[in-house]
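K.L.:
Dropping the structure in here first, questions after.
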Amino acid sequence: MERLGRTRPSSGAELPSDVVSAGADGGGWSCVDVLALPPVIDVVTAGSVLGIGRTKAYTLARTDTFPCRVIRAGRTYLVPTAALWRLLDLYPPRPADAAE
């Protein structure tokens, strides 16, 4: 399986347990892990997928230079997962047509 980045989030409190445990071997994020993320993630998790540390991720978000779209909601920086997928050129699998 192709691995993306080198780090995992230090705390999985924001993510479902099945997503956090998906790459718990410390080898980074696989394409399957990234495609399983919820629709919106925090900037630290997005940075982790990209191999960017926590401090750098916040700095990039604050200076509007994060590699993909970031939404500021109060004091929180959020990344739409679809924007991360586009940056990484990942696309979710299409459901099989039921008519066929």
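K.L.:
For residues in segment 29-42 being of a type in the set (Val, Ile, Thr) and more than 8 Å from the chain's Cα centre (by Cα), which is surrounded by the fewest Cβ atoms within 10 Å (Cβ to Cβ)? So that I can check it myself, show each step before the final result.
P.N.:
Start the filter on segment 29-42 by keeping residues that are of a type in the set (Val, Ile, Thr), which leaves 32, 34, 40-41.
Filter once more, keeping what is more than 8 Å from the chain's Cα centre (by Cα): 32, 40.
Details: Val32: 13, Val40: 15.
Checked segment 29-42; the qualifying residue surrounded by the fewest Cβ atoms within 10 Å (Cβ to Cβ) is Val32.
K.L.:
Further question on the same structure: Looking at segment 40-68, I want the residues that are in contact (Cβ under 8 Å) with a residue 24 or more places away in the chain and have a partner that is in a helix (DSSP H, G or I) and among the aromatic types (Phe, Trp, Tyr) with Cβ atoms under 7 Å, at least 6 apart or on another chain. Which pairs are those?
P.N.:
If the second residue must be in a helix (DSSP H, G or I) and among the aromatic types (Phe, Trp, Tyr), the pairs left are Val43/Tyr58.
K.L.:
Further, regarding this structure: May I ask you to verify whether Cys31 is of a type outside the set (Ser, Thr, Tyr), without any contact (Cβ under 8 Å) to a residue 24 or more places away in the chain and in contact with a strand residue (DSSP E or B) (Cβ under 8 Å, 6 or more places away or on another chain)?
P.N.:
The answer is no for Cys31.
K.L.:
Is it true that Val19 is at pLDDT 95 or above, crowded, with 17+ Cβ neighbours inside 10 Å and not aromatic (Phe, Trp, Tyr)? Steps first, please.
P.N.:
Values: at pLDDT 95 or above: no; crowded, with 17+ Cβ neighbours inside 10 Å: yes; not aromatic (Phe, Trp, Tyr): yes.
No; evaluated as a whole, the condition is false for this residue.
K.L.:
Tell me, which residue of segment 47-87 that is exposed (fewer than 13 other Cβ atoms within 10 Å of the Cβ) and among the polar types (S, T, N, Q) is nearest to Trp29 (Cα to Cα)?
P.N.:
Out of the qualifying residues, it is Thr55.
The values are calculated or read from the model by the stated rules, or taken from the named source; none is laboratory data. Computed from a predicted structure; not experimentally measured. Using ideal geometry, Cβ is built from the backbone for each residue, glycine included, and neighbour counts are taken over all protein chains shown.
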